[in-house]
Each structure stands twice: as structure tokens, then as C-alpha cells.
Amino acid sequence: MDRFSILVGDITRSDAEAIVSAANTSLLGGGGVDGAIHRAAGPALLAECRGLGGCETGRAKLTRGYNLRASYVLHTPGPIWQGGHLGESALLAACYRSCLSLAAERGIRSVDFPSISTGIYGYPLPMAATVALKAIMEFLREHDLPQRVRLVCHDEATAAVYRQTWNLWYAEDKACRM
Ligand code: APR
């Protein structure tokens, strides 16, 4: 089984055990993929989120998936791009690591990520792809869970950047195949 792959799709339709929402620190929903996940999961998701007390940028919190096919949602607020000199890359890497660590702790076997922070939060896609793939690959090398991680891009242009970045840095990695 491929441990890591990149695909184009709608993450709200994912069959992964957990999907990641690119949230904001309130965890009370928003636009973009966060809004799509809340719409697909139904109002019970927001009700559970209300009890979580928000989430710091770079950290992650877990809820049930409700009407989603996924059993769980990992909510992680990504950094807002402010030019790259305020620790954005470290915070973005922390989003991926926090979600993967929480999934591993809970014995979750498959996790699908969106392209965190590259929409409304304005993180330049090529740089975000480098940070995301590095964080994911380093985690997968050091942990047996999750068994499968996918990057679910909403459009082909986004997927192309992740695939180019993958080929640049990880094509020789036999542990995973794109
Ligand atoms: N499936 C997969 N990816 C999606 C979907 C979807 N259904 N909808 C949007 N995306 C993609 C976007 O195209 C983008 O590549 O998710 C990526 C992240 O974009 P945003 O959702 O705008 O997230 P982000 O840039 O992290 O901004 C977060 O936006 O939605 C609000 O509450 C959220 O305030 C927070 C901010």
C-alpha cells in the first residue's frame, strides 16, 4: 500500500478514517475547506467544536466526523502568511506534525490533508508544499501510524505543485510512492 499519495478531490467525500480541516483558531467554522467540512458534517460538528475552547495555530484538536464518511476530523489552524519572517514555516510544519501525532496517538490508520494555509491564509503554494511534504515524510519515517496519508488537492494546479515538489525532494524514497 502506498503510505503517501497526492490526489485531486473533494476532501469532504474522503474515505479516510480522519480528514483534516484547515481551521481558524476559534474552531467555529469559516469559509474554504473548513466551511465545506462543516457543511458536510452537519451542525453537530460545530456543537462539538464549541466545547473545545478554540485551538492555537500549529496545534490540532480531534472531533467526530458526524455526517462525513470520515470517522474523525482533525482541526488545525494554519499560519496566516505575513511575508515569511514571523515563523510561518515552523507553524505550518507544526500543523502537519500535530495532526499526525494526534492521529497516531488515537490509533487512526488513514489521514487526508488539504493544502493548509494556501487559500484564504495566503501562504505561497510552492513554499507551503515544501514545508508540508518535509513534515509529513519526516513523521512517516519515524512512525508506523498512520499507515496512509494523502494530500487531497482541490484542483489540478495545486496538485501539480505538490507533485513537482515531491519529485524534487522525495522521488527516490522507496517507503512511499506518490
Ligand atoms: N477539498 C479539498 N480542498 C479544498 C476544499 C475541498 N472541499 N475546499 C477548499 N480546498 C482547498 C483550497 O483550494 C486550498 O488549496 O483547501 C486549501 C486551503 O484553503 P482554505 O480553505 O482557504 O484554508 P486556509 O488557507 O488554511 O485558510 C483558513 O479560511 O476557511 C477559513 O476558517 C478558515 O479562517 C480559516 C481560513
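General remarks:
- Every helix of 4 or more DSSP H residues in the chain counts as -39500 (n - 2.57), and over all residues that averages to -12000 deg cm²/dmol at 222 nm.
- Peptides 68-75, 123-130, ordered by how many other C-beta atoms sit within 10 Å of their residues on average, highest first, read 68-75, 123-130.
- Potential lengthening between Leu46 and Ser71 on full extension [0.36 nm per residue; Cα-Cα distance subtracted]: 7.5 nm
- Share of pairwise Cα separations in region 23-73, more than 18 Å, in percent: 20
- Accessible area (Å², 1.4 Å probe, nearest 10) - Arg150: 40
- Within region 57-99, the ratio Rg/Rh, alpha carbon atoms throughout and Rh by Kirkwood, equals 1.13.
- With N the number of residues in the chain, Rg(Cα) / (2.2 N^0.38 Å) evaluates to 0.94.
- Region 110-164 - convex hull of the alpha-carbon atoms, volume per residue in Å³: 77
- Principal semi-axes in Å for region 82-132 [√(5λ), Cα gyration tensor, largest first]: 23, 12, 8
- The chain: relative contact order in percent, alpha carbon pairs under 8 Å with at least 6 residues between: 31
- Base-10 log of normalised Debye intensity for region 1-48 (one unit scatterer per alpha-carbon) at q = 0.13 Å⁻¹: -0.34
The values are calculated or read from the model by the stated rules, or taken from the named source; none is laboratory data. The model shown is predicted, which means the values in this text are computed figures rather than measured ones. Cβ coordinates were reconstructed from backbone atoms using ideal geometry, including for glycine residues, and neighbour counts include every protein chain displayed. Note: accessible area is taken over every heavy atom of the protein model, side chains too, but ligands, DNA and RNA are not part of it. Shrake-Rupley method; radii C 1.70, N 1.55, O 1.52, S 1.80 Å.
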